[in-house]
Structure formats: C-alpha cells, structure tokens
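This report concerns only the one structure given below.
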Amino acid sequence: MPDAPGLELIAQELDDAAGSDSVLGTYHEHGQACLIVDPERILEVLRWLRETPGQEYRFLASLHGVDYLPAEPRFGVVYELLNMPRVERLRVRAALAEPGDDALPEIDSCVSLYPSAEFHEREVYDFFGIVFRDHPDLRRILMPEDYVGWPQRRDFPVGGEPVIFTRDEPDMPRWYE
Amino acid sequence: MSDGVQTHHSAPAHGGDVLAETEAEVIGTSPIERTAAGEALGPEEELLTINMGPHHPATHGVLRLLVSLEGEVVRDVKPIVGYVHTGIEKNCEDKSYWKVIPFVERMDYLSYFSNMEAFVGCVERLLELEIPPRAQYLRVIHLELNRLHSHLVWLGTSALDLGAMSMFFYCFRDRDKVLDLFEMSTGQRMHTRYFQVGGVFEDIPVGFERNVRAFCAEMPSRLDQYEAILNANEIFLRRTRDVGVVPRQRLIDLGVTGPLLRAAGEPWDLRKVEPCLRYGDFDFKIPIGTVGDGYDRYRVRVQEMRESVRIIEQALDGLPEGPWIADDRKVVLPPRDELATSMEALIHHFKLVTEGYRVPPGEAYYAVESPRGELGCFVLADGSAKPARVHIRDPSFVNLQALREMCVGGYVADLIQNLAMLDPILGGIDR
C-alpha cells in the first residue's frame, strides 16, 4: 500500500501527467489508499497508473459500484488496483454525479486496459444503471434481461417486487407475460 | 511429498486449433473464414449454436453456456449466469453487521469459511479491532479444513466429469470427515457461522484436536491413493494434458487468481504475499505448475491439499492459550455466564442483539485466498449499525471469463474438462 505521503505524490504526479484537476481528492484510512478522480478522465488516470514506470498497477483485483446516497456526487465506480510484484493495492474511485431527467450516468469502459473488467462492468451496469461507454457487450449479467430498475441503488426498496401466485390470475390476467 | 514445485512434462502446449493438428484433410476453407469473406453458407455448413445447461450435470451448478460449434470443435463460448442470483448483496444492506455473516457464507457454498473471513476481516479492519492469537489460529485451522473440503468436492466431481466414477465416492468419504469436524467444533456441517467479528464464536471442544490430528495423519496417504488412481491414468492424462492452456500473462490480464494462475507458473498466493491472520507463522509451500493445462491445475490443487494438512498440523502444535474472542464489549457479546450476575453485561447483550454495533464511517477492502482465488470483500460503512454496501469479489465470477480462451479451438469434450478444472461455484458467481 502506498502510505499517506506516497499517495499525495501519486496524486501530484497524476495531476501533472493526466491533466490538472483529474484528481478530486485523496484519503488514506485503515492502511488503504484511495484516489478520488474525475470520471471524464478515468481512462487517462488508469492508463497512467498502469503504464508509468514506478506505478505499474497492472492487475485489476475488483471493480464495483457504490451508491453514496444522499452524498453528492451520488455514485462511485471503485477500481481496486494491485501491483503484483510490490504487493501494493490502490483504490481509485470515480465520483459520478446523477445526470438527472432519468438519464443514466456514463463513464468510459476500461476493458481495453483491463480485460477482466468486462464482467465487473456488466455487473455495475446491471445493479446501478451506470453505462460504460465502449464496453464490448453491455448487457445485464445477473438480473433477467427484461428486468426494469437498478436494484442495488439505495432508493430501490428491498422486497419491492410483488410476489405473484397463480391464484392471482383473476385479478391480474396474464401476469406471467 | 513436500516438494513444492512440480514439473511433470515439458511438451510444448499447442493452445491452438485442434483441427490444424489432425491428419484429416480439410476440404476448402473453414466456414468461419468463408462467412468472414461474405460468402453465404449452406444450412449444414454453418456454425451450430447449442445450449449447454442451465441444467447440465457437468456445469457444476446452473451455468448456461452458448456454444458455437463447427463439427465437434468449439468456435465460441458465451457463459450466461444469473440463474441462482438471490440478491445477497442487496439484502446485506438491510441487516445489521452480525446478521450479514450467515448471508455472505451462502454465496460460495463450498468455501463458507473464506467468505466469512473476508467479510468479518473487512469489518474488523473498519473497526480497527485486533483479534486474539488463539482466534487467529482457530480461523486458520478452519480455513484450511475448508480448503480441503472444497478441493475434495472439486476433485470428486471433476474426476466424475472425466469418467472416474470411483473418485467421487472416495473424495466424498473424506469430505464427510471434514464436515464431521466442522460439526464437532461449530455445531453445523455447512454454513457454520463460526467466525464472529472479534474472533470465533466458541472455543473448540475437547477431543477436536485429537480428531483433527487423526484426520491429518490419514489425509496424506489418502491423497497418495488418489494420485495413484489419476496421475498415471491413461484416460485422465489424455483428457487433461495440454488442454486449455492460456498464457500466464493473459490469465493475469483476465483477472484470474488462485490455483488456475498458479498452475500457469505464477506463484501468487495471498496467504504468502499478503498474509492475513497468522499465516506468516507457518511453514508451507506454494505449489505451481509449469504448463498451465488441466493436468497442472489438478496437480496444483492436490499438492495444495498436502500443504493445507501441514498448516493445520502446525497450527494445532502452536495453538496459543487464551481468549478466542476479543474483549471489546461494544462489539462482542458478553460471555453467557456473566448475564446472570452482571447488569452491564445484560445491557450490552441486549443492545448488541437488538440494535447491533455501529461501525464508524469509512470503506475498506479485504482479500483472502479462498480455494478458488482472491476472495475480496468491500464494505462501505455509513456510521449506522447496517452496512451501506457489501460487495464480494468472487473468484469464480472473474475466473469464468477465462473459459472462452481455454475452450475455443478445442473439442466439446475438452470444454467439459476445462470447466471441471476451472472449478466455478455458481452460488458465488451469481450471489
């Protein structure tokens, strides 16, 4: 893990390399380092972290979505990067705002850099409705293809789906369609 | 048999197209090339796309594969998952921390101790709670017994896929002994809920150590027997050698971890490189393969079982005395006997059971080496008694992405072999 000064150094160099204010913030807690970055620059940031000598975070351990409701910006796409030779982990969080008007938030897909992200990004799309631009095959992965809604969002209720039994057929004709 | 590194053969891996190596004469160009050139094919010449699963005995659960075939050769594989999705991560957000533990256990149903350790360790990291040495050793013992259990189930079912019926019965006999041990120490055979935030639920009972030692003494000879059945078995060798080879770097790019990656020659094991608990105290080796085919994957897993036995024996030898759970009354339930005499203990017990403990705001990621690879847990705490987000990075989910590269260009029968050696657990994939 980069320590707190090491994290600031990475943030500084990243700002110089990938364009100013690509890093929105940093935090270091529980021995883990995190960069909060601008979602529009996520590809440049990840490419820099992956390719730059001295960084080389070449393994994407995990990628997941987080809904920080009621905080703003609301969504986070979290990349758990790993440098295998140095055994260093670095968390990168793209802070995504909700665009409003029922539009879905969008971010660039990182499948070109980390092929392992393909399933992860489909999962984030499936559960949070975050669209990954240029993803090769962006479909729902765990929920049924015709499912409506983004179930892992915090404002989606648990048990929000009616359970339908065949005895309800008179009230809800052809419910199975 | 403590030799960590194996070399079994040095034949070059083809990893390519089986049709290119047969002596059969191919008439004309392949349908793939002709379709790519824009030519319309006759109905019998086209690729045949078939469904394997979701209910198929060789898919180790409800996995559906869309397989495109040219004759008997696989041209494309698309895994379709989600048939046992039960929304565990969503449900976790509605439960207090200590009620989440039985939920996450049921994700990867063969490595429930690893799931528990990932979640519990992550919450301990958020609470910055130090757990007593005895609890760490007890966790290691159960995690390694769990690895034996998981690998035995894998060995039995995979050998069954390749036609070795007897292996199934032998492996399940030994697996049942592990479950008996779990029943003895935790009260449950599967999904034990043994790990608590702060330590373990209960100390091991009298006689547990003796039974584990008896099991550990017996296990290496059992493994010798299994290897005697399979290692030089002509059918097994033909089915597994040089099949499903994916280069090491490509596996890393695809995010593959665990025995699959180690079989390709990468000595990556979180127990060694990033030791959680007290894994640093033990002397064990990381078996790696040389070629990365199905046979290497099998050998690596069997060798891992031997190393697990060694770890368990060392952990029993060095098992420290002392408490088995941390003494933090704001997180850990008070001992049962205090409830009758101490008002404070009763209040704490009541508050912990009804409301649960609060975790300070923050987020953490904690990874353990499960039998299938890196099992990571991400928890976002918002300061309340319930987690705001729990995400499990399940190794099967990520490893499944490598299936296509293992299978394309091989026979359908090799697909079964590749899937068996991949060892996916659909409960973990779908969560």
Paired Rg and Dmax values of the protein assembly as shown, which use every Cα atom, in angstrom: 25.0, 88
Restricting to Cα pairs below 8 Å that are 6+ residues apart, what does the relative contact order work out to for chain A? Please round to a whole percent. 16
Place the peptides B:60-66, B:211-217 in order of packing, highest mean first, counting for every residue the other Cβ atoms within 10 Å and averaging per peptide. B:60-66, B:211-217
Regarding segment B:280-416, what whole-number volume in Å³ per residue does the convex hull of its Cα atoms give? 188
Evaluate peptide B:81-88: per residue, the Cβ atoms of other protein chains within 10 Å of its Cβ; return the mean as an integer. 4
Work out the mean other chain Cβ neighbour count within 10 Å for the residues of A:62-69 and drop it here as an integer. 6
Shielding by other protein chains, B:375-387, mean Cβ within 10 Å: 2
Quick one: Debye curve from the alpha-carbon atoms of segment B:182-325 only, equal weights, vacuum; give me log10 I(q)/I(0) at q = 0.11, 0.13, 0.15, 0.16 Å⁻¹ to two decimals. -0.56, -0.76, -0.95, -1.03
Expressed as an acute angle from 0 to 90° and rounded to the nearest 10, what is the orientation of the C-alpha long axis of helix B:133-161 relative to the principal long axis of chain B? 30
Label model pair A:Arg167, B:Glu33: point-to-point distance (7 angstrom along the Cα→beta-carbon line) in nm is 6.5
Relative contact order of chain B, please, whole-number percent, based on alpha carbon pairs below 8 angstrom and at least 6 residues apart. 27
Loop-located trypsin sites (Lys or Arg not before Pro) in segment B:137-190, at most 16 other Cβ atoms within 10 Å (DSSP): B:Arg189
Going by C-beta contacts inside 10 Å, put B:Phe172, A:Phe127, B:Phe236, B:Phe113 in order with the fewest on the left. B:Phe172, B:Phe236, A:Phe127, B:Phe113
Can you list the residues of segment B:381-405 with backbone N under 15 Å from a point 7 Å past the Cα of B:Lys78, pointing along Cα to Cβ? B:404
Return P(r) of segment A:4-168 (all Cα-Cα pairs; 5 Å bins starting at 0; whole %; ordered from short to long distances). 1, 8, 17, 21, 18, 14, 9, 5, 3, 1, 1, 1, 0, 0
Rounded to 10°, Cα long-axis angle of helix B:208-230 versus longest principal axis of chain B: 0
For helix B:112-127, report the angle its Cα long axis makes with the longest principal axis of the Cα atoms of chain B; keep it between 0 and 90° and round to the nearest 10°. 50
I need B:Val398, B:Val332 ordered by Cβ neighbour count within 10 Å, fewest first. B:Val332, B:Val398
Could you tell me how far the Cα centroid of segment B:98-160 sits from the Cα centroid of segment A:1-49, in Å? 33
In Å, what is the Rg of the alpha-carbon atoms in segment B:88-430, and how long is Dmax? 20.6, 71
May I ask you to order B:96-109, A:81-94 by the average number of other C-beta atoms within 10 Å around their residues, highest value first? B:96-109, A:81-94
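Every number here is computed from the coordinates shown, using simple stated rules; none is lab data. Quantities reported herein were computed from a predicted structural model and do not represent experimental measurements. FYI the Cβ positions are ideal-geometry reconstructions off the backbone, even for glycines, and counts take in every protein chain you see.
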